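**Q** The structure that follows is given in the form of structure tokens.
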Amino acid sequence: MDKIIIDKDIRKAHTPPATFYTEDAYFEQSKERIFETSWQYACDASEIDAPMTQYPFSYMPYFIEEPLLISSDKQGQERCLSNVCTHRGKMLVESKTQNRQISCGYHGRCFRLDGSFKSMPCFDDVEDFPTEKDHLKNFPLERFANLLFTSMNPKISFEAVFQPILDRLSWLPLDQLEYVESSSKDYTVQAHWALYCDNYLEGFHIPFVHPALNNAIEFDKYFYETYAYCNLQVGIAKEGEPYFELPPDSPDYGKKVYAYYYFVFPNMMLNFYPWGLSLNIVRPISKEKTIIEFKSYKFPEAHFNPEVNALDETELEDEAVVESVQQGLKGKTYNRGRYSPSMEQNVHHFHTLLFDKLYEQD
Ligand code: FES
Ligand SMILES: [Fe+2]
């Protein structure tokens with residue numbers, strides 16, 4: 001595999017070669033290099049609603065599938081632990097439960113709520129037991145608003161990822177966002193996960209692909225900002241469209257902001273609208289298949305009309321172009337393209353991070 005280089009100067013840079021999106025090796029490499037080292041959504045904090053709760057989940061379902069659990073102790077302190085018994089590997093917690101300890105249903109090994117080994121029947125004669133290896137591995141656990149995140153092998157500070165969002169939007173009642181199940185759903189796209197992200201990262205295509213959205217926002221006023229591990233697109237509302245009531249200390253005060261579109265490297269979007277948040281999690285399945293989880297959260301008191309807020313139309317328009325690119329890349333003629341410096345800086349930012357991480361030395 002040739003080393004892929006994305007020039008840091010967007011005016012000189014070429015987009016990733018088609019092989020990045022079509023070859024198995026890159027797809028496999030990205031598991032360890034990109035996804036295990038980044039922060040991934042674990043669950044909503046509301047799942048851990050009481051002390052001594054154990055909530056099982058999978059780190060990147062369908063892709064990495066590491067069995068993990070969130071455990072809250074008697075004081076309500078939450079930890080992220082391995083959900084695999086250190087004896088012979090059975091999964092410990094199969095569904096959300098409440099218990100004073102974590103016990104294995106196979107041969108009775110027990111762990112404390114902090115993951116440390118507690119007891120094991122019929123092991124009296126075992127030498128050099130228990131050791132460190134008999135405890136459940138602890139993983140970091142962080143929170144943004146009411147969303148919990150973990151990482152299998154964090155190489156990026158959580159703050160570096162989320163602080164720019166807090167700096168700009170801390171005036172919003174982020175801690176009070178409420179999950180709206182009825183307007184949350186999953187979409188399946190027949191395309192590589194990074195193609196879906198590439199498309200999200202520019203508003204360049206809005207006039208061509210999204211007629212309704214194009215009628216709602218001012219294309220000429222759309223703007224982009226990049227940070228260390230996230231980037232932002234801001235849509236400005238046309239006359240008659242909803243917009244945020246911004247406080248005077250907002251850097252955007254005076255603008256009619258229709259939406260803040262944050263991309264969090266490598267696979268998450270936090271789209272803030274006056275009614276709330278649309279969280280999109282991009283889940284790779286294979287190099288030609290991706291699931292996009294759309295989770296809606298509304299601000300208390302916000303006027304939330306599921307029909308108006310249905311993001312379906314835009315999503316289906318995006319899926320159609322992304323699937324078309326997937327087909328185009330499989331052709332023989334295309335290899336690499338160039339970037340628009342005024343429209344595609346967030347796409348370029350994503351690509352530079354991708355290959356920095358892919359080739360990062362341990
Ligand atoms: S696998 Fe858990 S006690 Fe044996
Ligand atoms: Fe789009």
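The values are calculated or read from the model by the stated rules, or taken from the named source; none is laboratory data. These numbers were taken from a predicted model, which means no experiment stands behind them. Note: ideal-geometry Cβ built from the backbone for every residue, glycine included; neighbour counts use all protein chains shown. Surface accessibility is based on the protein's heavy atoms, side chains included, excluding ligands, DNA and RNA. Shrake-Rupley method; radii C 1.70, N 1.55, O 1.52, S 1.80 Å.
**Q** Name every residue in region 35-57 that is open to solvent by less than 40 Å² (accessible area, probe 1.4 Å), in a strand (DSSP E or B) and of a type in the set (Ser, Thr, Tyr), in order of residue number.
**A** Once the filter is applied, which keeps residues that are open to solvent by less than 40 Å² (accessible area, probe 1.4 Å), in a strand (DSSP E or B) and of a type in the set (Ser, Thr, Tyr), region 35-57 yields 41, 53.
**Q** Looking at 24, 73, which is the one that is closer than 30 Å to residue 336 by Cβ and either among the aliphatic types (A, V, I, L, M) or at pLDDT 95 or above (or both)?
**A** 24
**Q** Would you point out which residue out of 242, 207 is open to solvent by 30 Å² or more (accessible area, probe 1.4 Å), within 16 Å of ligand 2 (Cβ to nearest atom) and in the same structural domain as residue 304 (by TED's automatic domain parsing)?
**A** Step by step, each of 242, 207 is checked, and only 207 is open to solvent by 30 Å² or more (accessible area, probe 1.4 Å), within 16 Å of ligand 2 (Cβ to nearest atom) and in the same structural domain as residue 304 (by TED's automatic domain parsing).
**Q** Still on this structure, I have one more. Tell me, which residue of region 109-127 that is open to solvent by 30 Å² or more (accessible area, probe 1.4 Å) and in contact with a strand residue (DSSP E or B) (Cβ under 8 Å, 6 or more places away or on another chain) is farthest from ligand 2 (Cβ to nearest atom)?
**A** That would be 119.
**Q** Only one of these is closer than 25 Å to residue 161 by Cα and more than 23 Å from the chain's Cα centre (by Cα): 296, 324, 342. Name it.
**A** The conditions single out 342.
**Q** Would you be able to say whether some residue in region 289-309 is surrounded by fewer than 18 Cβ atoms within 10 Å (Cβ to Cβ), out of contact with any strand residue (DSSP E or B) (no Cβ under 6 Å at 6 or more places or on another chain), in the same structural domain as residue 168 (by TED's automatic domain parsing) and modelled with pLDDT of 95 or more?
**A** Scanning region 289-309 turns up at least one residue that is surrounded by fewer than 18 Cβ atoms within 10 Å (Cβ to Cβ), out of contact with any strand residue (DSSP E or B) (no Cβ under 6 Å at 6 or more places or on another chain), in the same structural domain as residue 168 (by TED's automatic domain parsing) and modelled with pLDDT of 95 or more.
**Q** Starting from residues that are closer than 15 Å to residue 137 by Cα and of a type outside the set (Val, Ile, Thr), keep the ones in region 89-102 and report whichever is farthest from ligand 1 (Cβ to nearest atom).
**A** It comes out as 91.
**Q** Only one of 113, 136, 68 is among the aliphatic types (A, V, I, L, M), within 29 Å of the chain's Cα centre (by Cα), farther than 30 Å from residue 334 by Cβ and assigned to a strand (DSSP E or B). Can you tell me which?
**A** One residue alone meets the criteria, 68.
**Q** Mind listing whichever residues of region 210-226 are surrounded by fewer than 18 Cβ atoms within 10 Å (Cβ to Cβ) and part of a loop (DSSP other than H, G, I, E, B)?
**A** 218
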